[in-house]
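Encoded as structure tokens, the structure appears first; notes follow it.
The values are calculated or read from the model by the stated rules, or taken from the named source; none is laboratory data. None of these values were measured; they are calculated from a predicted model. Neighbour counts run over all protein chains shown; Cβ positions are idealised from the backbone, glycine included.
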Amino acid sequence: MPDTDSNTAAGFVPQSSIPQISIPPISLRRRVMDHVMTGVAVLTVALVLLPLFAIFAYLVYKGIGSINLAFLTQIPKPPGEPGGGMANAIVGSMVILAIASLLGVPLGIGAGIFLSEYGRNRYGDIVRFVSDVLNGVPSIVIGIVAYGLVVMRQKHFSALAGGVALAIMMVPTIARTTEQMLLLVPQAIREAAYGLGVSRWRTTLSITLRTATSGVITGVMLAFARVAGETAPLLFTAFGNQYWNWRTDQPTAALSLQIFTYAISPFDEWHRQAWAGALVLIVLIVGAVAAVRIAVKHGTLAGA
Amino acid sequence: MGVGITVEHLNAFYGKTQALFDINIAVLANHATALIGPSGCGKSTFIRCLNRMHETIPEARVDGKVLIGDLSVYNGTSATQLRRRVGMVFQKANPFPTMSIYDNVAAGLKLNGFRNRKQLDEVVHKSLHNSALWDEVKDHLHKKSGASLSGGQQQRLCIARALAVQPEVLLMDEPCSALDPISTGKIEELIFQLKEQYTIVIVTHNMQQAARVAEFTGFFLLGKMIEFDKTEKIFTNPSDKRTEDYVTGRFG
């Protein structure tokens, strides 16, 4: 055991024995560099935002002229006839995305919970690897899978098949972001709940997941926005429809499909409507994401 | 009312490393017992064995016998049932950040399925009152998050949260180590009052604190309980040389 004398002076170097150093004033070069680097940072932000605004501005320029009440309330007219709209595709997109979210969000969040709370082992590693691979699978391949899983069995194209294809695409993104967000919740928060006699599954759902809510929702919205504009997986699942369809087991129109069909058609009127459709699609996605954000913010407490 | 704690031949491990060696101790009901000792000597590990928090760490395990009142901790009792009777306050205040002050205190009851709104209100009021926080938070119980409070207030919120499930034993793992002297004073005062209803085991690095709040003190060194006796005896006339060296500040 150490004695009294050693703990007062152990390892302490007297200030007087440290060589005198003088810290030079901040040079002109460093001050200039400071401003240059700040400028570079601002410039890169502008470069990142530029394409977004450029796309949006171009869509407004090309599409706004064709957006009117008829476009939002009527179904397509036969080629050559003026007028008509994409109401059925707007509704169809919403239905397909609702199905995709209903299937994909719980599955993705569930997988994320497994990875973060129970997956710190080999099984978790396998799931992580598979989910990363799934994330890299081309969307048209996922369309083929949904074709095999749903369309072949039902014997016809359907909104359900389109929803399944998009759900499969949503799962890996949601799972991995949910995992990361749950891992950010300090262990001390979980321990606080255990210490109150709260069971593990209850802690995970009511404490850990709740603490990570805003991050998990970001992941969900990211996945949603990503699949909302997908066309390839819908080509032979939802298939598209020129008429109203309210049944989830029948071929269903979707905005992205309608844009695709119109854009490759030879008719000028259809080209204009494709631009308008693209604008509506973007506005719907931005609107949905913003609405969720506002709703979440509204439910957050002061200081949280 | 509090209940006593009996520990017999307790050994605790992290993987292959043994952290506690053959601990024997009897803690008296409705008294405060302080555990002192240098960092890494097993004090925290020991109190985490009393409510089975130790086993939440991967590869950690325990053997030996622990009785909380007449409840055998490592013999068929479920960890969740046990932890409702043995509350815990941690070193760093850990309120649930997304919950309001009210919900933080009510969390233990709500998450265990208790839904009676009127009784919840009453329990929350009483717990915040007993943790000396009521006057400071009563105007924004539902509006402010638990994380919006100051450090000392957060720690008292955590104490209120632990009291709300009405435990018989309260374990405190260095509850004042991150607090200023004023907040520390408030919490020590609180411990004095809480003793009437709860059995308190408090880990502390601050020997004056142990002397102020506890009737009994245990001294830990390198995973062993060196000495356990009345606080007065430990600080004035310890029977072990190592205890004397530690409390007189010769090492640690």
Is it the case that B:Ala34 is within 30 Å of B:Gly151 (Cα to Cα) and at pLDDT 90 or above?
yes
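Pick from the range B:165-177 the residues that are of a type in the set (A, V, I, L, M) and not in a loop (DSSP other than H, G, I, E, B): which of them is nearest to the other protein chains (Cβ to nearest Cβ)?
Within the range B:165-177, the first condition is being of a type in the set (A, V, I, L, M), and the residues that meet it are B:165, B:169-172.
Narrowing the set further to residues that are not in a loop (DSSP other than H, G, I, E, B) leaves B:169-172.
Working: B:Val169: 12, B:Leu170: 11, B:Leu171: 8, B:Met172: 11 Å.
Per the criteria, the residue is B:Leu171.
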Scan of the range B:43-75 for residues that are assigned to a helix (DSSP H, G or I), more than 18 Å from B:Gly4 (Cβ to Cβ) and either in contact with a strand residue (DSSP E or B) (Cβ under 9 Å, 6 or more places away or on another chain) or modelled with pLDDT of 90 or more (or both), ordered by number:
B:Lys43, B:Ser44, B:Thr45, B:Arg48, B:His54, B:Glu55
Every residue in the range A:255-304 that is among the β-branched types (Val, Ile, Thr) and more than 14 Å from chain B (Cβ to nearest Cβ), please.
A:Ile259, A:Thr261, A:Ile264, A:Val280, A:Ile282, A:Val283, A:Ile285, A:Val286, A:Val289, A:Val292, A:Ile294
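Would you mind finding the one in A:Thr237, A:Thr213 that is away from chain B (no Cβ under 14 Å) and either among the β-branched types (Val, Ile, Thr) or touching a strand residue (DSSP E or B) at 6+ places or on another chain (Cβ under 6 Å) (or both)? Spell out how you get there, then give the answer.
Details: A:Thr213 fails: away from chain B (no Cβ under 14 Å).
Only one candidate qualifies: A:Thr237.
Pick from A:Glu191, A:Glu117, A:Glu179: which is under 30 Å from B:Ile57 (Cβ atoms), within 26 Å of the chain's Cα centre (by Cα), at pLDDT below 95 and surrounded by 13 or more Cβ atoms within 10 Å (Cβ to Cβ)? If you could, list the steps in order and put the result at the bottom.
Details: A:Glu191 fails: within 26 Å of the chain's Cα centre (by Cα); A:Glu179 fails: at pLDDT below 95.
A:Glu117 is the lone residue from the list that is under 30 Å from B:Ile57 (Cβ atoms), within 26 Å of the chain's Cα centre (by Cα), at pLDDT below 95 and surrounded by 13 or more Cβ atoms within 10 Å (Cβ to Cβ).
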Could you figure out which of (1) crowded, with 21+ Cβ neighbours inside 10 Å; (2) farther than 23 Å from B:Gln197 by Cβ; (3) over 13 Å from the mean Cα position of the chain (by Cα) isn't true of B:Thr56?
(1)
Looking at the structure I just gave you, is B:Gln208 surrounded by fewer than 24 Cβ atoms within 10 Å (Cβ to Cβ), more than 19 Å from A:Gly195 (Cβ to Cβ) and away from every other protein chain (no Cβ under 13 Å)?
yes
Just checking, which of A:Leu160, A:Leu182, A:Leu149 is within 14 Å of another protein chain (Cβ to nearest Cβ) and either in a helix (DSSP H, G or I) or under 28 Å from A:Ile90 (Cβ atoms) (or both)?
A:Leu182
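Would you please name the residue that is farthest from the other protein chains (Cβ to nearest Cβ), looking only at residues in the range B:120-131 that are surrounded by fewer than 17 Cβ atoms within 10 Å (Cβ to Cβ) and within 21 Å of the chain's Cα centre (by Cα)?
Taking the range B:120-131 as the starting set, the residues that turn out to be surrounded by fewer than 17 Cβ atoms within 10 Å (Cβ to Cβ) are B:121-122, B:125-126, B:129.
Filter once more, so that each one left must be within 21 Å of the chain's Cα centre (by Cα): B:126, B:129.
Working: B:Lys126: 16, B:His129: 19 Å.
Per the criteria, the residue is B:His129.
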When only residues in the range B:82-94 that are surrounded by fewer than 24 Cβ atoms within 10 Å (Cβ to Cβ) and more than 7 Å from chain A (Cβ to nearest Cβ) count, which is farthest from the chain's Cα centre (by Cα)?
B:Leu82
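Can you name the residue in the range A:151-175 that is touching a residue at least 12 places away in the same chain (Cβ under 8 Å) and surrounded by fewer than 20 Cβ atoms within 10 Å (Cβ to Cβ) and, of all such residues, is nearest to A:Ala254 (Cα to Cα)?
Residues of the range A:151-175 touching a residue at least 12 places away in the same chain (Cβ under 8 Å): A:151, A:154, A:156-175.
Subsequent filtering for residues that are surrounded by fewer than 20 Cβ atoms within 10 Å (Cβ to Cβ) retains A:154, A:156.
On the way: A:Gln154: 19, A:His156: 16 Å.
Out of the qualifying residues, it is A:His156.
For every residue, the table says whether it meets (1) at pLDDT below 95; (2) crowded, with 18+ Cβ neighbours inside 10 Å; (3) farther than 30 Å from A:Tyr262 by Cα.
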| residue | (1), (2), (3) |
| --- | --- |
| A:Ser16 | yes, no, yes |
| A:Ser22 | yes, no, yes |
| A:Arg29 | yes, no, yes |
| A:Val40 | no, no, yes |
| A:Lys62 | yes, no, no |
| A:Gln74 | yes, no, no |
| A:Gly104 | no, yes, no |
Considering only the range A:167-181, how many residues are touching a Leu at 6+ places or on another chain (Cβ under 7 Å) and of a type in the set (A, V, I, L, M)?
3
For the range A:220-231, does any single residue satisfy the condition of being in contact with a helix residue (DSSP H, G or I) (Cβ under 9 Å, 6 or more places away or on another chain), in a helix (DSSP H, G or I) and within 30 Å of B:Val169 (Cα to Cα)?
no
Can you tell me which residue is nearest to the chain's Cα centre (by Cα) among those in the range B:230-242 that are surrounded by fewer than 17 Cβ atoms within 10 Å (Cβ to Cβ) and within 14 Å of another protein chain (Cβ to nearest Cβ)?
B:Asp240
Looking only at the range B:102-119, count every residue that is more than 9 Å from chain A (Cβ to nearest Cβ) and among the hydrophobic types (A, V, I, L, M, F, W, C) and tell me the total.
3
Going through (1) farther than 30 Å from B:Gly223 by Cβ; (2) in contact (Cβ under 8 Å) with a residue 12 or more places away in the chain one by one, B:Asp63 fails only at (1)
All but one of (1) more than 9 Å from every other protein chain (Cβ to nearest Cβ); (2) touching a residue at least 12 places away in the same chain (Cβ under 8 Å); (3) in a helix (DSSP H, G or I); (4) not β-branched (Val, Ile, Thr) hold for B:Ala162, so report the exception by its number.
(1)
Could you count how many residues in the range A:191-202 are at the interface with chain B (Cβ under 8 Å from one of its Cβ atoms) and part of a helix (DSSP H, G or I)?
6
Matching option when the condition is in contact with a Phe, Trp or Tyr (Cβ under 6 Å, 6 or more places away or on another chain), surrounded by 18 or more Cβ atoms within 10 Å (Cβ to Cβ) and without any contact (Cβ under 8 Å) to a residue 24 or more places away in the chain, among B:Asp173, B:Asp245
B:Asp245
